[in-house]
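**Student:** The following block contains the structure, expressed as structure tokens.
Any read-out appearing in this document is the output of simple, stated calculations on the displayed coordinates, not a laboratory observation. Note that the structure is predicted; figures quoted are calculated from it, not measured. With ideal geometry, Cβ positions are generated from the backbone for all residues, glycine too; neighbour counts draw on all protein chains shown.
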Amino acid sequence: MNELRFEQVSVRFGGRRGMTAVDGVNLVVPQGQVVGLVGESGSGKSTLARAAAGLTPVSAGRILFNGEPLRHRRGEPKPLQMVFQDPHSSLDPRMSIGDSIAEAVPRSGRSTAAGRAAEVQRLLGLVGLDPQRAFSYPGQMSGGQLQRVALARALAARPQLIVADEITSALDVSVQGTVLNLVRELQREMRLSMLFISHNLAVVRYVADSIAVMYLGRIVEQGPSEQILGDPQHPYTKDLLAAVPNQNNPGLQPAAVEPALSAVTDAEPADPHHPPLGCRYHLRCPIGPLVLPGRDICKEADPSAEGRRHAAACHFSDELLLSGREGLL
């Protein structure tokens, strides 16, 4: 059972007067499934990923793998590997591609230089690269090729779960589809569990079995991908969907789809160092107190997700009107 579980996980920087980047997150990545984690820059997605990889300490809560606390001890096999956004910075420019991948291959009593070289050749072929690329250096390869190398390097460690953090955002649009196809094929073939992080719902919908939406350090909605995309229950999720070009009319703007959105388009995102009281999204919400009178509860009380569809943390999620949602699927 390769299940990753976050239980009330919080990550805080700077002591008491610092910033809480992740605040009480509950999230499960089931065995053999891809969970898409989406949200704007600064929402806490990458911090949560780094906490899972042991790169950022957890301030509260716990992270479990197969029901046991996830530990990252030097010299021990790691069940989780992370693929970063920028492959140029995650690969040593002074090491050949083959040496970078071989470095991640687990050492054992029977491990030999020839065996590791053969494994490097196999992994390069697995990610669709010429095995002769083992003798190349990062500076001789494109961004898309390097991201394939980063995937091969992660797979070299024989992980049970992959955390992919914005792995297509630094690539040209023409290359993104190729990398996404590769990710989906590898995940299905190897039955890997995966936490796939992106700010782009159009990317996440292509690979994810379920989706969790994050805003200012909290999960505000989560559920099966088809349900989240077809019937979002939180205004922020709907706002993210409105930003995706409509397939039937790519030129359609969100304000034309839903006039209420225009009332809050000028609102700045809340300061993550000082998040607002109540619902953290109320300053930008199209069905919140800035648009509709009599909804002061949004400014006063933190909404509970319990008992609501998709665990949507919104006081008025049941009243959210979804005009034109058919064009989003």
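**Student:** Show the residues, 5+ positions off or on another chain, whose built amide H is closer than 5 Å to the amide H of ALA60.
**Tutor:** SER10
**Student:** Specify the angular offset, from 0 to 90 degrees and rounded to the nearest 10, of the alpha carbon long axis of helix 113-126 from the longest principal axis of the alpha carbons in the chain.
**Tutor:** For helix 113-126, the angle is close to 40 degrees.
**Student:** Using the 10 angstrom Cβ neighbour count as an exposure proxy, how do TYR137, TYR236 rank, fewest first?
**Tutor:** Fewest-to-most Cβ neighbours within 10 Å comes out as TYR137, TYR236.
**Student:** Quick one: what are the phi-derived ³J(HN,Hα) couplings along the stretch 225-235, Karplus 6.51/-1.76/1.60 with θ = phi - 60°, whole Hz, x for glycine and proline?
**Tutor:** Result, rounded to whole Hz: 4, 4, 6, 5, 6, x, 8, x, 9, 10, x.
**Student:** Could you run the Karplus curve 6.51 cos²θ - 1.76 cosθ + 1.60 with θ = phi - 60° over the stretch 303-314 and give me ³J(HN,Hα) per residue in whole Hz, x for Gly and Pro?
**Tutor:** Once rounded to whole Hz, the list reads x, 8, 8, 5, x, 10, 4, 6, 6, 6, 7, 8.
**Student:** Enumerate the amide H contacts of VAL22 below 5 Å, restricted to partners 5 or more residues apart or on another chain; note that Pro and chain-start residues carry no placed amide H.
**Tutor:** Amide H neighbours of VAL22: VAL11.
**Student:** Hey, in the GNM for the chain with a 10 angstrom Cα cutoff, which one of ALA313, ALA118, ALA52 fluctuates hardest?
**Tutor:** ALA118
**Student:** So which trypsin sites (Lys or Arg not before Pro) in the stretch 1-98 pass both tests, a DSSP loop state and at most 16 other Cβ atoms within 10 Å of the Cβ?
**Tutor:** Passing sites in the stretch 1-98 are ARG71, ARG73, ARG74, ARG94.
**Student:** Just add up the charged neighbours of ASN200: K/R +1, D/E -1, any other residue whose Cβ is under 15 Å from the Cβ of ASN200.
**Tutor:** Net charge in that neighbourhood comes out at -3.
**Student:** Between ALA114 and ALA243, what length comes free when the chain is fully extended (0.36 nm per residue of separation minus the Cα-Cα distance, one decimal in nm)?
**Tutor:** This chain segment gains 41.4 nm when fully extended.
**Student:** Which one, ASN200, HIS282, GLN147, projects farthest toward the positive side of the charge dipole computed for the chain from Cβ point charges (K/R +1, D/E -1)?
**Tutor:** GLN147
**Student:** Exposure proxy check: LEU91, LEU180 ranked by fewest other beta carbons within 10 Å?
**Tutor:** Fewest-to-most ranking of LEU91, LEU180: LEU180, LEU91.
**Student:** If amide hydrogens are placed 1.01 Å from N in the peptide plane, which non-local residues have theirs closer than 5 Å to the one on ILE219?
**Tutor:** The list, which skips near neighbours in sequence, is ASN26.
**Student:** Please name whichever of LEU37, VAL179, HIS72 sits farthest to the positive end of the charge dipole of the chain, dipole taken about the Cα centre and charges placed at Cβ: Lys and Arg +1, Asp and Glu -1.
**Tutor:** Of the candidates, HIS72 comes out farthest on the positive side.
**Student:** What are the ³J(HN,Hα) values, in whole Hz, obtained from phi via the Karplus relation 6.51 cos²θ - 1.76 cosθ + 1.60 with θ = phi - 60°, for each residue of the stretch 145-155 in sequence order, with x given for Gly and Pro?
**Tutor:** 5, 5, 5, 5, 4, 4, 5, 4, 5, 5, 5
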